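This report refers to the structure that appears directly beneath it.
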Amino acid sequence: MSEGYDMLMNVNAKKLEWKFQVYVVRIWENPNRYNQKEVNSIEMVLQDIKGERIQASINKGLFKKWRGFFEEFKMYTMSNFIVVDKMEKIKTTRNWWTSNFSHRTVVVRVENPSFSLEPFCLKPIPKLLVAEKLDDSQLLDIIGEVVGKEDPRDIITSKRKETKRMVVVIADLDNNNLDCVLFGDMVDQIVPHLEDGRVEPLIVVLQFFKPSRWNDKVSVQSHFDVSKIHVNPDMKEVHDFRKSLLGSVTSNSVRISQVSGHGVQSGAAKLKRGGVVVKSIEDALNSTEEGPIWIGGTIVSINAGNNDWFYKSCRKCPKKVETPIGNRYECSKCGHTHGSASLRYKVEVMAYDGTGSITMLMWDRETTQLIGRQAEQIKDEDCLEGEGYPPTLDNMIDKKLLFKINVKTANINKHDQVYTIMKICDDEDIVEKNCPMEFISNSSDVLTENGISNSMDVSATLANLKSDNNSQCSVDVVEDSVTSLKCKIPTRRALNGVKHSVSLNIDNEEDFQLSTNKLGQKGGKKRILAAHCLRTRPMKVLKFHLYFNLSDIRSTLPGN
Ligand SMILES: [Zn+2]
């Protein structure tokens, strides 16, 4: 309960016995203006039960007592402050006052918060873009997806300090773009996330950024030490944004494009979300181009025995170590020696997507990510047959994922059938978003000249199979080229390589022999990933995207 605590909106300079129960939403150190190496004060922004905020300040004399004490987004009770108007030109809150710590200030951490944190005051991007008069004295928070970037540049500040500057372009859910200028450490913080051809949206929250307008163009920039960038943080605001984003983007997209920049001005205009290339496994196997590509598929096999799912590595780095010298292993890369080697995953797996199967090598990071345990932790597991790999590895089976694989020359000329996994994406929404649709849009490529492919495959996203009001559901990617077929042999047009959406009646789910041999049920949703068999007795109407072989269709439909 917050009884007995003062509300931040009531703070004034007329007393000292203030008592707050507040979250710390931001804490930073202000360097001395004349000597950057010296800290002048520790600053905080506090939030109370009503969502009101105030800046708090700890002067040099009290550093020893408080430095390292506070944690962002944690709740504290605090009492006794000297309230002043610091008359700062750039403000972090709308509150006039600053509460200064004194020697009498008492703070207790609250382990079980009684109200919720409101970490950000998010400003909608359009409000900034159309603002008649831009208030650049108020720092603000922005959420968005990073959709563009420039290369970082080294710059020298007016105080002759070397630093880096980089522009990233972020977009809101309506694709309103805003240039964000990052400096110094923030550049280093975001660069590792800005790889090309990423499939997961990169969502950032910019906290306490300064708006600016130059030549009629609005941007925000980091403002000394108060600004902070949160990259894909595990927070409600970001989960909500991400959910809306994945639900609203019409198709998958290359998430970040390079801006060949001459400064901010050229930035946003050049950006466009294009189509990402998540290829079918068939396309990947026939690829003649070296380099990384994304594919989607379900893990259907682990090709390993009892001693070939791991390798012995250095304990300090991932380098493989050979037989020990004497009783010690020596790493040829980092020189570390140790009495015993470490175990890391190196597992051969096969994935299937309806167009084919591919063999891939999965390394330690990805395998750990999927099964949730380290190689060392499962090495002593009993295997039922005594011969096989540890059963925990089976956790990977049936997982539907996106894989970033590296196509090497040896893969192209078929000397090596095993592709190396560079990265995986196991986010269900993103996998769903990219996989079934991509199979569809690839289907016209798969079809041969006369429109008939050699195989029959069905990819479908199917929602709410069990509920009653949903007879027609799902993905309307190719609405304009869609023909709806109901218990009928497809028309000629259907066989000409046109993408189709077909409604089928089936009597029960078991008639779908799924590649995974099971139907995933989650949150009331059923998803059928790939079906190999169709029946047409009426019961539920499902909507599918297909490409098919004429004779297969005929043999499965009634009247044949
Ligand atoms: Zn090493």
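Things to note:
- Restricting attention to the range 360-389, the residues that are within 12 Å of Ala304 (Cα to Cα) and open to solvent by 20 Å² or more (accessible area, probe 1.4 Å) add up to 3.
- Within the range 303-312, being part of a strand (DSSP E or B) and open to solvent by 70 Å² or more (accessible area, probe 1.4 Å) holds for one residue alone: Lys312.
- Qualifying residue in the range 313-327 (condition: assigned to a strand (DSSP E or B), within 16 Å of the ligand (Cβ to nearest atom) and open to solvent by 30 Å² or more (accessible area, probe 1.4 Å)): yes
- Scanning the range 172-181 for residues that are under 16 Å from Val231 (Cβ atoms) and loosely packed, with under 15 Cβ neighbours inside 10 Å returns no hits.
- Qualifying positions in the range 136-171 - loosely packed, with under 13 Cβ neighbours inside 10 Å, assigned to a loop (DSSP other than H, G, I, E, B) and modelled with pLDDT of 90 or more: Ser137
- In the set (1) more than 12 Å from the ligand (Cβ to nearest atom); (2) open to solvent by less than 70 Å² (accessible area, probe 1.4 Å), Glu289 fails one condition alone, (2).
- Test result for Ala410, farther than 25 Å from Pro292 by Cα and modelled with pLDDT of 90 or more: no
- Checklist (1) surrounded by fewer than 16 Cβ atoms within 10 Å (Cβ to Cβ); (2) more than 24 Å from Ser244 (Cβ to Cβ) applied to Gly184, failing item: (1)
- Every pair of residues 6+ apart whose Cβ atoms lie under 7 Å, when the first sits in the range 295-307 and is under 21 Å from Asp382 (Cβ atoms) while the second is of a type in the set (Gly, Ala, Ser): Gly305/Gly388; Asn306/Gly388
- Only one entry in Val277, Val264, Val300 is of a type in the set (A, V, I, L, M, F, W, C), at pLDDT below 80, away from the ligand (no atom under 16 Å from the Cβ) and open to solvent by 30 Å² or more (accessible area, probe 1.4 Å), namely Val277.
- Filtering the range 328-359 to residues that are crowded, with 16+ Cβ neighbours inside 10 Å, basic (Lys, Arg) and more than 12 Å from the ligand (Cβ to nearest atom) leaves only Lys346.
- Restricting the range 399-436 to residues that are among the basic types (Lys, Arg) and either without any contact (Cβ under 8 Å) to a residue 12 or more places away in the chain or surrounded by 16 or more Cβ atoms within 10 Å (Cβ to Cβ) (or both), the residue that is farthest from Tyr352 (Cα to Cα): Lys414
- Qualifying residue in the range 365-375 (condition: in contact (Cβ under 8 Å) with a residue 60 or more places away in the chain, in a loop (DSSP other than H, G, I, E, B) and of a type outside the set (A, V, I, L, M, F, W, C)): no
The values are calculated or read from the model by the stated rules, or taken from the named source; none is laboratory data. If you're wondering where the values come from, they're calculated on a predicted model, not measured in any experiment. Positions of Cβ are backbone-derived with ideal geometry, glycine not excepted, and every protein chain shown enters the neighbour counts. We work out accessible area using only protein heavy atoms, side chains counted, and drop any ligands, DNA or RNA first. Shrake-Rupley method; radii C 1.70, N 1.55, O 1.52, S 1.80 Å.
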